[in-house]
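Structure, as structure tokens:
Quick note: the coordinates plus some simple rules give every number you see, no bench work behind them. Every value quoted in this text rests on a predicted model; they were computed, and no experiment measured them. When we count neighbours, we look across all protein chains shown, and the Cβ atoms used for this are built from the backbone with ideal geometry, even at glycine.
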Amino acid sequence: MKTESIKQKFDPEDESSKYAEYEVASHCLIIHLKRELDHHCVLYIRERSDYLINKRRIKNIIFDFSNSHFMDSSGIGVIMGRYKKVIFTGGSVAVADVDDTVNRIFELSGLYKIIRKYNTTKEAFDDLKQMDYS
């Protein structure tokens, strides 16, 4: 998987780097969460991801939860908002490496009706890429 890491190429004062690392590969944005997806960080993640979606013509988004073990309703809102941005271009949103606590939140919220769940980020990336070529 050839990727381009997006680290501090933006404003050095960018707060979003405290909460997530962003990676772009084949029109897919991978958001590696560094902590919980809650009301403390959603503004920064939303702004940075929207910037990248528009600037890099992102089609698919993967949220990597390997370092995140909680999500509140504002986190659900961020995922829903990014879904609404890419669905009209035929894109998809996926989550990877979700633990039991976050998985329960996804199940209760009904998000799995519109997003895909994968065991790993690589598995998600490979599947979404294959869907693009189908």
So how many residues does the stretch 29-50 have that are part of a helix (DSSP H, G or I) and either under 21 Å from THR121 (Cβ atoms) or of a type in the set (Lys, Arg) (or both)? 7
Please count how many residues of the stretch 57-75 are surrounded by fewer than 20 Cβ atoms within 10 Å (Cβ to Cβ) and not charged (D, E, K, R). 6
Looking at (1) crowded, with 16+ Cβ neighbours inside 10 Å; (2) of a type in the set (Val, Ile, Thr); (3) in a loop (DSSP other than H, G, I, E, B), can you tell me which one VAL78 breaks? (3)
Of all residues in the stretch 99-130, count the ones that are free of Cβ contacts under 8 Å to residues at least 60 places away in the same chain, surrounded by 14 or more Cβ atoms within 10 Å (Cβ to Cβ) and closer than 22 Å to VAL24 by Cβ. 6
Being under 11 Å from ASN60 (Cβ atoms) and not in a strand (DSSP E or B) is the filter here; which residues of the stretch 86-95 pass it? VAL86, ILE87, THR89, GLY90, GLY91, SER92
Quick one: how many residues across the stretch 24-52 are closer than 20 Å to MET71 by Cβ and either of a type in the set (Val, Ile, Thr) or in contact with a Leu (Cβ under 8 Å, 6 or more places away or on another chain) (or both)? 6
